[in-house]
Structures are given as structure tokens and as C-alpha cells.
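The structure appears below as C-alpha cells.
The values are calculated or read from the model by the stated rules, or taken from the named source; none is laboratory data. It should be emphasised that the depicted structure is a prediction, and the values quoted were computed from it without experimental measurement. Cβ sites come from the backbone with ideal geometry, for glycine too, and all protein chains shown count toward neighbours. Note: accessible area is taken over every heavy atom of the protein model, side chains too, but ligands, DNA and RNA are not part of it. Shrake-Rupley method; radii C 1.70, N 1.55, O 1.52, S 1.80 Å.
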Amino acid sequence: MTSTPAHATASTETYFDTVRRLSSAQKTAARGAPPYSVYVNRRVGRYLAAGAFRLGLTPNNVTAISAGFTFCAIGLLAIGEPSWWLGLVVWLLLAIGYAFDSADGQVARLRGGGSPSGEWLDHVVDSIKISTLHLAVLITMFTHFPLSSSISLLVPIGFAAVAAVSFFAMILNDLLKAKHAPTAALSAAPRTVVRSLLGLPTDYGVLCLSFVLLGAPLAFFGLYTLLFVANALYLALALGKWFRDMTALGRVDVARP
């Protein structure tokens, strides 16, 4: 079957036709994917992607828009004085940036596939975001929070380390699986609602929402600390599971003729 050029499709279908076409071409969510990312962010990103596609934006354009919203939020968090209005603005900018982060890959699918440079750009932006967000929390805590001890500053430092390791390990998992067992399914267990809900504290969308409490520094710090502990425990458990997966990849290599 001959594929229809992206520009031709965009000119002959309505916006909601584009949304429906994109809905039928969604990637299968990972079995441990948390609910906000799957049920909220991906859906919002779908509507943004349809609009961006019809405006002729490329996936890289959408990635740049995502970065603009995200890094504006991080900058405001680092230099602004904590308040309720600042917390709402930071949350909104981060949430919009996250939705556009979902949209860039969906735009690529509408256009017939992404590119290595686009995937590289998306991952680089994500890696910068993951580290600098927690460093911005560190700056605002040091500058404005009524902390009883400087030991509290270890929380955003630790969160930055956990987030960076988690991101790198997941990217490395995908690369090694694609290299050593591109057609093998190491884990066939389906995604369940319970498993998804257990991952809720690790959801980036929940972290974004926590900044709504920025006007109450101690309440924000308490929630932020709980999220850090949950993410650290999740990473500790996941690393063992991922190592076993990589061990299984080695057995696939040995068994391959």
C-alpha cells in the first residue's frame, strides 16, 4: 500500500480526524508506566500533536517548545521567591512542557517516523531537565526555606542523583535490548491498574503538581521528601530487576546460533 505524504494528509483531514488517526497509532505503554503519564499527559500530548502537525511543525520544533516551557519554569523556580502564585505558574509551565514532550514523538509518528537526530535532541533535553529541576529546588530551598538544618539540602541533591540514574538506566536498557534481543520479550506480563498506581510517586507529572504547594515551604518540602524516598526505593528495586534482565540478554546471546 502506498503511504500518503504527511502534508497531503494534513490538508485533506480535519483536526479531529488527525486526533483519531493518532489515537489508533499509539505506542503500547510500558507495563509499569504510571497513570498520569499514560492517561493524562499522553492524551493532552495527542491533542497538541494533532495541532502541531496541522500547523506544519516538525518534531524538533515541538521539542523546542517543550524545552521553552520547561526551562522557563525551572528558571522561575530558581530565582523567584516561593509563593502560591509562583507555585501555580511553575506547575503549569512544567505540565505544558511535559505535554509537548509527549507530543513530539506523536508528531513524528504522524509524519511517518522520527529521526536519530530528533531522538537525540529529545533525550538531551530530558536529561538537562531531569537534573536542573532538582538543582533549582536546591537553590530555592537554600535561599528561602526556613530549614532547621542544612542536612535537608541533601534531599534535592539525592533526588537529582536518583532521577539521573533512573533516566540513564532506562535508556541503556532500551539500547541493550535493541542490540542483543530486538525481537525477544524479556517480560511478557501485562500492564495492570494496580501496578500503574504503585508507580504514581515516580510519575513526573506528580512531581510537577507538587510545586503547587510552593507557597507553603514546609508542606512542599514534606511532599518532595516523600517523593524522593519513593523514587529512591523504586530505583533500588528496579536496578535488581533490570540487572536480571541484562543477565537474560547474555543468555540470549549465548543461545543465538
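A compact table of results
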{"read-out": "Potential extension, residue 229-residue 179 segment - 0.36 nm per residue separation minus Cα distance", "value": "14.7 nm"}
{"read-out": "Straight-distance crosslink candidates among aspartates and glutamates, where the alpha carbon sits under 15 Å from residue 179 and sequence neighbours closer than 8 are dropped", "value": "245, 253"}
{"read-out": "Calculated P(r) of the range 20-115 - Cα pairs past 21 Å, %", "value": "37"}
{"read-out": "Probe 1.4 Å, protein heavy atoms only - accessible area per residue of the range 79-166 in square angstrom", "value": "48"}
{"read-out": "Gain on full stretching of the segment that runs from residue 58 to residue 20 - 0.36 nm per residue minus C-alpha separation", "value": "11.7 nm"}
{"read-out": "Inter-label distance for residue 142 and residue 154, nm, one decimal - labels placed 7 Å from Cα along Cα-to-Cβ", "value": "1.7"}
{"read-out": "Residues in the range 101-128 reached by a label modelled at residue 12 [backbone nitrogen below 19 Å; 7 Å Cα→Cβ]", "value": "110-113"}
